[in-house]
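Asker: Here it is: the structure, laid out below.
The values are calculated or read from the model by the stated rules, or taken from the named source; none is laboratory data. Owing to the predicted nature of the structure, the values given are computational and were not obtained by experimental measurement. Positions of Cβ are backbone-derived with ideal geometry, glycine not excepted, and every protein chain shown enters the neighbour counts. Surface areas here come from the heavy atoms of the whole protein model, side chains and all, with no ligands, DNA or RNA. Shrake-Rupley method; radii C 1.70, N 1.55, O 1.52, S 1.80 Å.
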Amino acid sequence: MTTTALRGWDGLLAVLLWTSRAVLVFMMASICYDAIMRYAFSAPTSWSLEINSFLLVYLAVIGAAEAQRHDAHIRITYFKDKLPARVRGTIDLFTGLLGAVFCGILVWRGGIMTLQALEYGERVSSSLGTPMVYPYALLPIGFAALGLQFLIDALSAIPRVTGNADKEATSHG
C-alpha cells in the first residue's frame with residue numbers, strides 16, 4: 001500500500017476522530033440541557049433522547065476504525081504472545097481478513113436496510129420524526145471504514161508471515 005494512500009486514510013480517520021469528539025461534546029451539552037430543563041423548569045426537550053440515541057450509534061461505529069488502527073480493541077493475547085513471530089503474523093493476517101469479510105457483510109446488509117428506509121420513507125414515531133435513513137446509513141459507513149482498516153492490518157501482517165519483516169524494516173529505516 002502506498003504511503004500517500006495511507007496518509008490519506010490517516011487523514012480521513014483524523015476527521016472522523018474530531019467529528020466523534022464534537023459529537024461527544026454535543027451529547028454532553030444536550031443531555032445536561034435536557035436535565036436542567038426537565039428538573040428545574042418542568043419542560044423537557046422533545047428531541048434530546050432521540051438525537052442522542054442516534055449519536056451514540058455514531059460514536060460506536062465511526063470510532064471502531066480508529067480504535068482498530070491504534071490496536072485499542074479489547075483482546076486477550078496471553079497465548080498468542082508466546083507463539084513464534086510467523087505464527088503471530090499468520091493469526092493477524094487471518095484475523096484481518098476475517099474482520100474485513102465480517103465488515104463487508106455488515107456493509108452489504110446495512111446498505112440494504114438504509115436503501116429500504118429511504119425507499120419506504122421510514123421515520124421514527126416521535127415528534128421529531130427523524131428519517132431512519134440517516135442513523136441506518138451510519139452502519140455501512142462505519143463498517144466500511146472498519147473493514148478497510150482490517151484489510152490494512154492484514155496487508156501489514158504479510159511481511160511477518162513471509163519472514164520479510166526484518167528485511168522490510170531495515171530497508172525503510
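Asker: Whole number in Å², please: accessible area per residue of the chain, 1.4 Å probe, ligands, DNA and RNA not counted.
Answerer: 65 Å²
Asker: A further question on this structure: Which ³J(HN,Hα) values in Hz, rounded to whole numbers, follow from the phi angles of the stretch 56-72 under the Karplus curve 6.51 cos²θ - 1.76 cosθ + 1.60, where θ = phi - 60° and Gly and Pro get x?
Answerer: Going residue by residue, I get 5, 5, 4, 4, 5, 7, 6, x, 5, 5, 5, 5, 5, 4, 8, 6, 9 Hz, with x marking Gly and Pro.
Asker: If you don't mind, another one. Would you kindly derive the ³J(HN,Hα) couplings of the stretch 79-93 from the backbone phi angles with the Karplus curve 6.51 cos²θ - 1.76 cosθ + 1.60 (θ = phi - 60°), listing them in order in whole Hz, with x for Gly and Pro?
Answerer: Couplings: 6, 4, 5, 8, 8, x, 4, 5, 5, 4, x, 5, 4, 5, 4 Hz.
Asker: Could I ask something else about it? Can you compute the helix-only [θ] at 222 nm over the chain? Use -39500 (n - 2.57) per DSSP H run of at least 4 residues, normalise by all residues, nearest 500 deg cm²/dmol.
Answerer: The per-residue figure over the chain is -28000 deg cm²/dmol.
Asker: Once neighbouring chains are kept in place and the probe is 1.4 Å, which whole percent of the accessible area of the chain is contributed by carbon and sulfur?
Answerer: 70 percent
Asker: For the stretch 15-173, what class follows from the C-alpha gyration tensor (a ≥ b ≥ c being the square roots of its eigenvalues): rounded when a/c is under 1.5, otherwise prolate if a/b is larger than b/c, else oblate?
Answerer: Because a/c hits 1.5 or more and a/b exceeds b/c, the stretch 15-173 counts as prolate.
Asker: Can I ask one more? Where in the stretch 10-52 are there chymotrypsin sites (Phe, Trp or Tyr not before Pro) that are in a DSSP coil and have at most 15 other Cβ atoms within 10 angstrom of their Cβ?
Answerer: When the chymotrypsin sites (Phe, Trp or Tyr not before Pro) of the stretch 10-52 are filtered for loop state and at most 15 Cβ neighbours within 10 Å, W47 remain.
Asker: In debye to the nearest 20, how big a dipole does the chain give about its Cα centre with +1 on each Lys and Arg Cβ and -1 on each Asp and Glu Cβ?
Answerer: Taking the Cα centre of the chain as origin, the dipole is about 380 debye.
Asker: In whole Hz and in residue order, list the ³J(HN,Hα) couplings for the stretch 40-49 that follow from phi through the Karplus curve 6.51 cos²θ - 1.76 cosθ + 1.60, θ = phi - 60°; x for Gly and Pro.
Answerer: 8, 10, 6, 9, x, 6, 9, 10, 4, 4
Asker: Follow-up. Considering only DSSP states other than H, G, I, E and B, which chymotrypsin sites (Phe, Trp or Tyr not before Pro) in the stretch 73-173 qualify as loop sites with at most 13 other Cβ atoms within 10 Å?
Answerer: Hits after loop and neighbour filter: Y78, F79.
Asker: Something else about it: Whose amide H sits under 5 Å from the amide H of T130, counting only residues 5 or more places off or on another chain, with H placed in the peptide plane?
Answerer: Residues meeting the amide H criterion: V124.
Asker: Just going by the charge dipole of the stretch 38-173, with Lys and Arg at +1 and Asp and Glu at -1 on Cβ, which of V101, P84, L115 is farthest out on the positive end?
Answerer: Highest projection toward the positive end goes to P84.
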